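Following this message is one structure expressed as structure tokens.
The values are calculated or read from the model by the stated rules, or taken from the named source; none is laboratory data. What you are looking at is a predicted structure, and each value in this text was computed from that prediction instead of being measured. Cβ: placed from backbone, ideal geometry, glycine included. Neighbour counts: every protein chain shown.
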Amino acid sequence: MSGNILDARNLNKVVPSAEGELSILADLSLQLAKGDSLAIVGTSGSGKSTLLGLLAGLDLPSSGEVHLAGHALAALDEDQRARVRAEHVGFVFQSFQLLDSLNALENVMLPLELDGRRDARERATELLGRVGLGERLTHYPRQLSGGEQQRVALARAFAAEPDVLFADEPTGNLDTHTGAHVTELLFELNRERGTTLVLVTHDERLAKRCHRMIRLEGGRQIAAETAE
Amino acid sequence: MMRMPKARLFALAYRQLLRDARAGELRVLFFALVVAVAASTAIGYFGARLNDAMLLRASEFLGADMVLSGSAPASPEQIDDGKQLGLDHAQVVEFSSVIATDQDLQLASVKAASSSYPLRGTLRSAAQPYEAEQPGPGPAPGEAWAEARLFAALDLQIGDSIEVGSKLLRLTRVLTYEPDRVGDFYSLTPRVLMHLDDLAATGVVQPGSRVRYRELWRGETATLTAYQQSIQAGLQAHQRIETANDSNRQIGGALGRAERYLNLASLAAILLAGVAVALSAARFAARRFDASALLRCLGLSRHDTLLLYTLQLAMLGLLASLAGALLGWAAQHGLFFLLRDLLAQEIPPGGVWPAAAGIATGLVALTGFALPPLAALGRVPPLRVLRRDMLPVPPSAWLVYGTAIFALGLIMWRLSLDLKITLALLGGGLLATLLLGGLLLLGLKGMRRLLAGASLSWRLGLGQLLRHPLAAAGQALAFGLILLAMALIALLRGELLDTWQDQLPDDAPNHFVLNVLPAEKDAFAERIAALSSHAAPLYPVVPGRLISINGEPVRQLVSKESQGERAIRRDLSLTWAADLPKDNHLVAGQWWTEQEATDVPGVSVEAELAESLQLKLGDRLSFTIGGLTREASVTSLREVNWDSFQPNFYMIFEPDTLEGMPATYMTSFHLPPGKERELVELARAFPSVTLLQVEALLAQLRSILAQVSLAVEYVLLFVLAAGLAVLFAGLQATLDERIRQGALLRALGAERRLLLRARRAEFGLLGAASGLLAALGCELVSALLYHYAFDLRWQPHPWLLVLPLIGALLVGGAGLIGTRRALNASPLTVLRES
């Protein structure tokens, strides 16, 4: 077992289809050290989101293994994987994925409460202040703009101080200006907290801000780059 | 803007329907509609067929489907008309005659019947007095049957001959049961049954003698109606038409209540299904916002977009309605199969009307409840393809509620519920909704404070409810309505059964006694007391006729064919009593003990008759009694329970005011089984007394009530099934959102247990709140219904307080089952949605 926070070896994902079995991810391996950042790029349908799902333990590979923060995910059941996620993982999604029935503060408190933290309210308040929404704590998602919603999502992602942050097209639903602002925040927070970042994007500029980048096509890795 | 040819639009709608169906998109709506139509059809069929069966029973009491009776023979045209229409015919002539044997004489009531008599029901007779009876055709010419008490009174044996007028007839059997011998308790002497062919030879029936001619008819309802219409105009003053519908008060009462109950149950099932259709149609519409925006974007006009989805929904509605009607039809067949032992007779198949009505009900419900959400589809802005947050302008509240209420009104009209029930239901429902909805809203807002300190699972579960109190209150009201409808139906069922049970307890009087002479009264009372522990008091009876009200001749005051008209046409049995009889309730005025004596005697009048004669307290009534005129003043009005098998009277005088009038006494009592011998001895000891067995009538009534009770129980099952189906449909409507939430929470690291606890909290609380609303609403609506529709006395029902618990269990359980997909949602869904 290496000292990597994320270690994936020989991942394969096969799904049944009308024409028989379809391979959507083939023979993929990667390792990430703590504080590292990785961009996964590729066209639509290249297997980016599938890979992200496998790395985050949202899904299990057909073969191969993923170790996340020292846990072999394939050996865990769904509830045990949920616990691993609660302790070690944060998410940012393209469509924000805030709970409509909770206000901004409560959305950010959610992962802290899942982790059983007593200081949830204080920490969530502080983080929302950090992303510039200190005045909007009791607003509901419906009352916030897209950029604001994504900032709440960022605060939520960092709230439980995850070891790894998975971001799926975090600026995909935002205009250039707002997207740039959210990107800044994402990388700032990442730096401040020493979080490992796995970023799925087709935005090359965004990808270039990561330490490393892998390019997928048809479920296979066709290139790997490391920032100078 | 592109206008598509209608045929292409139709084809497109059809293709989309197929695609949506294949994708499982329409399951919920289809299911809700099938349930609605199936429940409505099954109850419709069940009600209609049972009603027919009960009408058949009621026909038995007439011995036919329709009877034309009169004091002179019917005209040849009247008879020919019926025969030409293909109706079956039988003829009966009834008269009183002295029956003579070598030693003795006895006044008897003779019935001469043609061979085809009776057309409904069967005659029953025994080989010897008090032996087991057998069904079979009546006496042949030259023969006669007599009741056991005639055998006792004249000391006759089977095989002896009796003289009826100048004709000698041989007694061949003991008559035990005639289907049509009911209701005429007061004019009965022992019955002799003979063949109509022997009538002329008796020479008894001469012009001017008191004879009742009855023409019995049997056939299809439509033919009977046609016949009735054809002879109605030429009806003589002495002639009357009776049909099964008005043949008998006791059955009429039971039938009426059963029919109202069944209709009410249909309404409950349809209301429930309406809620299900509304919920799933709203989901159908919401899920088509994107597609509809895209179609608008691609150039389809607003009108065509709307038409496209309307067509799609109409096709779905038609298909689902057909399937539902078929299912409902099959369900009622299963039901009648289960009841086959009880309902021994052939049950009419019920025709296609209930199925057609069920389909119409489904389509009306679909239109009423689905149109408003569908209308929103036409208003989806095309810009939604770019900005998904753009929602159509919601339809105005009056459109939403207006169409739903209009649809409900149509359905109620179809069920021909009377105005009082409908208003009591709608008014009560509306009042309950406003009152309870308001309370609930306040309660939910109050809970907000408690939320801050609650655990995460409670906060997640209640979060949804409390963030949108209006929606939560609406949901609780919807579930509450379901529970209310089910509780109300259960409540009424129990109440109706109890009422019927009270009406005909096991020891209900099965014998009436008439013509007890004043000199024999005390001795007779002693004998009865020894024979039965359940005897009514002996009431004096004085025949008298009402001739004027406040000095005006009564004939000018009443309308033809009214109850009042029938009451004044013949002698009334007048009585006097110191105490208000059991089962009578004063509705106006006071009983003697509570008022001062006046110059004219007081009389207490039965309330319905008083209404028909437009009598008020203080009105002066004149009677002729035994050739004398007596005045009386109306001092009270009474409600009488005619179903009670107790002696009942239209007029009860103050005691001692009919002194000196020729009175006989009457009573009723319960003869325990196995005491038939003692009854014969009683008849011998008091030869002038008329003893009338009503055991057969009682048995017939009990069997009808048993049928109705079973029907009532099965209908309750239908309503329950409809309610549960609605519950699931309602949950399905919020399933998408729940699956998304579940997946997100899982992705963020929530364990299954937490989600389960949150759901349990949410649905448990929702169910408990619904149950509480249902309990309160049920009391409110039942109080109104009892008062206005069912003539039942209302009392609080403390057991309704278990409804919150039932609600919590039912909604909680169904909620967990209905949303288990949300619990098991793969967290990967959140990525796919991105």
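Within region B:652-661, track down each residue that is of a type outside the set (D, E, K, R) and touching a helix residue (DSSP H, G or I) at 6+ places or on another chain (Cβ under 9 Å).
Selection gives B:PRO655 alone.
May I pose another question? Condition check: surrounded by fewer than 19 Cβ atoms within 10 Å (Cβ to Cβ), in a helix (DSSP H, G or I) and in contact (Cβ under 8 Å) with a residue 24 or more places away in the chain. Does A:HIS177 satisfy that? Break it down into steps so the answer makes sense when it comes.
Details: surrounded by fewer than 19 Cβ atoms within 10 Å (Cβ to Cβ): yes; in a helix (DSSP H, G or I): yes; in contact (Cβ under 8 Å) with a residue 24 or more places away in the chain: no.
Taking the combined requirement at face value, the residue does not satisfy it.
If we keep just the residues of region A:19-45 that are surrounded by 20 or more Cβ atoms within 10 Å (Cβ to Cβ) and within 14 Å of chain B (Cβ to nearest Cβ), which is farthest from B:LEU828 (Cα to Cα)?
As a first pass, look at region A:19-45 and keep what is surrounded by 20 or more Cβ atoms within 10 Å (Cβ to Cβ): A:25, A:28, A:30, A:32, A:37-42.
Pick out the ones that are also within 14 Å of chain B (Cβ to nearest Cβ) and you get A:25, A:40.
Working: A:LEU25: 15, A:ILE40: 17 Å.
For region A:19-45, the residue satisfying everything is A:ILE40.
B:GLU133 fails exactly one of the following numbered conditions: (1) touching a strand residue (DSSP E or B) at 6+ places or on another chain (Cβ under 9 Å); (2) modelled with pLDDT of 85 or more. What is the number of that condition?
(2)
Further question on the same structure: Need the failing condition index for B:ALA685 against (1) surrounded by fewer than 16 Cβ atoms within 10 Å (Cβ to Cβ); (2) free of Cβ contacts under 8 Å to residues at least 40 places away in the same chain, just the number.
Just one mismatch for B:ALA685, condition (2).
How many residues are under 26 Å from the mean Cα position of the chain (by Cα) and over 21 Å from A:LEU73 (Cα atoms) when one looks only at region A:9-22? Lay out the reasoning, then the answer.
Going residue by residue through region A:9-22, those that are under 26 Å from the mean Cα position of the chain (by Cα) are A:9-15, A:22.
Now restrict to residues that are over 21 Å from A:LEU73 (Cα atoms): A:22.
Total satisfying the criteria: 1.
Please work out if A:LEU199 is surrounded by 23 or more Cβ atoms within 10 Å (Cβ to Cβ), within 21 Å of A:HIS88 (Cβ to Cβ) and in contact (Cβ under 8 Å) with a residue 12 or more places away in the chain. Full working, then the answer.
Numbers: surrounded by 23 or more Cβ atoms within 10 Å (Cβ to Cβ): yes; within 21 Å of A:HIS88 (Cβ to Cβ): yes; in contact (Cβ under 8 Å) with a residue 12 or more places away in the chain: yes.
Against the criterion (surrounded by 23 or more Cβ atoms within 10 Å (Cβ to Cβ), within 21 Å of A:HIS88 (Cβ to Cβ) and in contact (Cβ under 8 Å) with a residue 12 or more places away in the chain), A:LEU199 qualifies.
Here's the yes/no breakdown for (1) part of a loop (DSSP other than H, G, I, E, B); (2) surrounded by fewer than 21 Cβ atoms within 10 Å (Cβ to Cβ); (3) out of contact with any Cys (no Cβ under 6 Å at 6 or more places or on another chain):
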{"position": "B:GLY44", "(1), (2), (3)": "no, no, yes"}
{"position": "B:LEU50", "(1), (2), (3)": "no, no, yes"}
{"position": "B:LEU55", "(1), (2), (3)": "no, yes, yes"}
{"position": "B:ALA64", "(1), (2), (3)": "yes, no, yes"}
{"position": "B:ALA72", "(1), (2), (3)": "yes, yes, yes"}
{"position": "B:LYS83", "(1), (2), (3)": "no, yes, yes"}
{"position": "B:HIS89", "(1), (2), (3)": "no, yes, yes"}
{"position": "B:VAL92", "(1), (2), (3)": "no, no, yes"}
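While we're on this one: Counting only residues that are buried (at least 24 other Cβ atoms within 10 Å of the Cβ), closer than 18 Å to B:THR829 by Cβ and more than 8 Å from chain B (Cβ to nearest Cβ), which one in region A:91-108 is modelled with the highest pLDDT?
This residue is A:VAL92.
Need the failing condition index for A:ARG156 against (1) over 23 Å from A:CYS210 (Cβ atoms); (2) assigned to a helix (DSSP H, G or I); (3) touching a residue at least 12 places away in the same chain (Cβ under 8 Å); (4) within 10 Å of chain B (Cβ to nearest Cβ), just the number.
Just one mismatch for A:ARG156, condition (1).
Oh, and also: Considering only residues of region B:77-124 that are of a type in the set (S, T, N, Q) and within 34 Å of the chain's Cα centre (by Cα), which is nearest to B:THR202 (Cα to Cα)? Even if it seems obvious, please write down each step before you answer.
In the first step, residues of region B:77-124 are kept if they are of a type in the set (S, T, N, Q); the result is B:78, B:84, B:91, B:96-97, B:101, B:103, B:106, B:109, B:114-116, B:122.
Narrowing the set further to residues that are within 34 Å of the chain's Cα centre (by Cα) leaves B:91, B:116, B:122.
Numbers: B:GLN91: 17, B:SER116: 21, B:THR122: 26 Å.
Checked region B:77-124; the qualifying residue nearest to B:THR202 (Cα to Cα) is B:GLN91.
Taking into account only those residues within region B:433-468 that are touching a Pro at 6+ places or on another chain (Cβ under 7 Å) and away from chain A (no Cβ under 14 Å), which is modelled with the highest pLDDT?
Filtering region B:433-468 for residues touching a Pro at 6+ places or on another chain (Cβ under 7 Å) gives B:441, B:444-445.
From what's left, away from chain A (no Cβ under 14 Å): B:441, B:445.
Details: B:LEU441: 77, B:LYS445: 73.
Ranking the candidates gives B:LEU441 first.
Now for a different question. What are the pairs with Cβ atoms under 9 angstrom where one residue, in region A:50-65, is within 12 Å of another protein chain (Cβ to nearest Cβ) and the other, located anywhere, is assigned to a helix (DSSP H, G or I) and among the basic types (Lys, Arg)? Sequence gap at least six, or different chains.
A:GLY53/B:ARG832; A:ALA56/A:ARG85; A:GLY57/A:ARG81; A:GLY57/A:ARG85; A:LEU58/A:ARG81; A:LEU58/A:ARG85; A:LEU58/B:ARG746; A:LEU60/A:ARG81
Only one of B:ILE739, B:ILE817, B:ILE806 is at pLDDT 85 or above and of a type in the set (Val, Ile, Thr); which?
Matching residue, one of B:ILE739, B:ILE817, B:ILE806: B:ILE806.
Additional query: Of everything in region B:576-621, what is charged (D, E, K, R), free of Cβ contacts under 8 Å to residues at least 60 places away in the same chain and either crowded, with 19+ Cβ neighbours inside 10 Å or part of a strand (DSSP E or B) (or both)? Give them in sequence order. Even if it seems obvious, please write down each step before you answer.
We begin by selecting, within region B:576-621, every residue charged (D, E, K, R); these are B:579, B:582-583, B:594, B:596, B:599, B:606, B:608, B:611, B:616, B:619-620.
With the extra rule that they be free of Cβ contacts under 8 Å to residues at least 60 places away in the same chain, the set shrinks to B:579, B:594, B:596, B:599, B:606, B:608, B:611, B:616.
Answer for region B:576-621, where residues must be charged (D, E, K, R), free of Cβ contacts under 8 Å to residues at least 60 places away in the same chain and either crowded, with 19+ Cβ neighbours inside 10 Å or part of a strand (DSSP E or B) (or both): just B:GLU606.
Just for region A:109-128: of the residues that are at the interface with another protein chain (Cβ under 10 Å from one of its Cβ atoms), surrounded by fewer than 22 Cβ atoms within 10 Å (Cβ to Cβ) and in contact with a helix residue (DSSP H, G or I) (Cβ under 7 Å, 6 or more places away or on another chain), which one is nearest to A:ARG83 (Cα to Cα)?
A:ASP115
Which numbered condition in (1) at pLDDT 90 or above; (2) part of a helix (DSSP H, G or I); (3) not polar (S, T, N, Q) is the only one that A:GLY134 fails?
Condition (2) is where A:GLY134 drops out.
Looking at (1) more than 14 Å from chain B (Cβ to nearest Cβ); (2) within 26 Å of A:GLY45 (Cβ to Cβ); (3) part of a loop (DSSP other than H, G, I, E, B), can you tell me which one A:PRO170 breaks?
Here A:PRO170 meets the rest and fails (1).
Check region B:86-95 and report whether any residue there is in the same structural domain as B:LEU171 (by TED's automatic domain parsing), of a type in the set (Val, Ile, Thr) and in contact with a Gly (Cβ under 9 Å, 6 or more places away or on another chain). Give the steps one after another, and end with the answer.
Our first condition is that a residue be in the same structural domain as B:LEU171 (by TED's automatic domain parsing); within region B:86-95, this holds for B:86-95.
Applying the additional criterion that residues be of a type in the set (Val, Ile, Thr) yields B:92-93.
Within this subset, residues satisfying the condition of being in contact with a Gly (Cβ under 9 Å, 6 or more places away or on another chain) are B:92.
Yes, that holds for at least one residue.
Also, quick follow-up: Take the residues in region A:129-154 that are polar (S, T, N, Q) and crowded, with 17+ Cβ neighbours inside 10 Å, then tell me which one is farthest from the chain's Cα centre (by Cα). Show your work before the answer.
Within region A:129-154, the first condition is being polar (S, T, N, Q), and the residues that meet it are A:138, A:143, A:145, A:149-150.
After this cut, where a residue has to be crowded, with 17+ Cβ neighbours inside 10 Å as well, the list is A:149-150.
Details: A:GLN149: 16, A:GLN150: 13 Å.
Only one residue fits best here, namely A:GLN149.
Working carefully through the options A:ALA160, A:ALA180, find the one that is modelled with pLDDT under 90, more than 20 Å from A:GLY47 (Cα to Cα) and under 15 Å from the mean Cα position of the chain (by Cα). First the steps, then the outcome.
Working: A:ALA180 fails: under 15 Å from the mean Cα position of the chain (by Cα).
Only one candidate passes the filter, namely A:ALA160.
Restricting the first residue to region A:75-100 and requiring it to be at positive phi, which pairs with a second residue that is of a type outside the set (D, E, K, R) meet a Cβ separation below 7 Å and a spacing of at least six or different chains?
A:PHE96/A:GLN149; A:PHE96/A:GLN150; A:PHE96/A:ALA153; A:GLN97/A:ALA153; A:GLN97/B:LEU744; A:GLN97/B:VAL830
So, in region B:739-788, exactly how many residues are more than 10 Å from chain A (Cβ to nearest Cβ) and acidic (Asp, Glu)?
Total satisfying the criteria: 2.
How about region B:233-259: which of its residues are surrounded by fewer than 16 Cβ atoms within 10 Å (Cβ to Cβ) and either in a loop (DSSP other than H, G, I, E, B) or modelled with pLDDT of 85 or more (or both)?
Hits for region B:233-259 are B:ALA233, B:GLY234, B:LEU235, B:GLN236, B:ALA237, B:HIS238.
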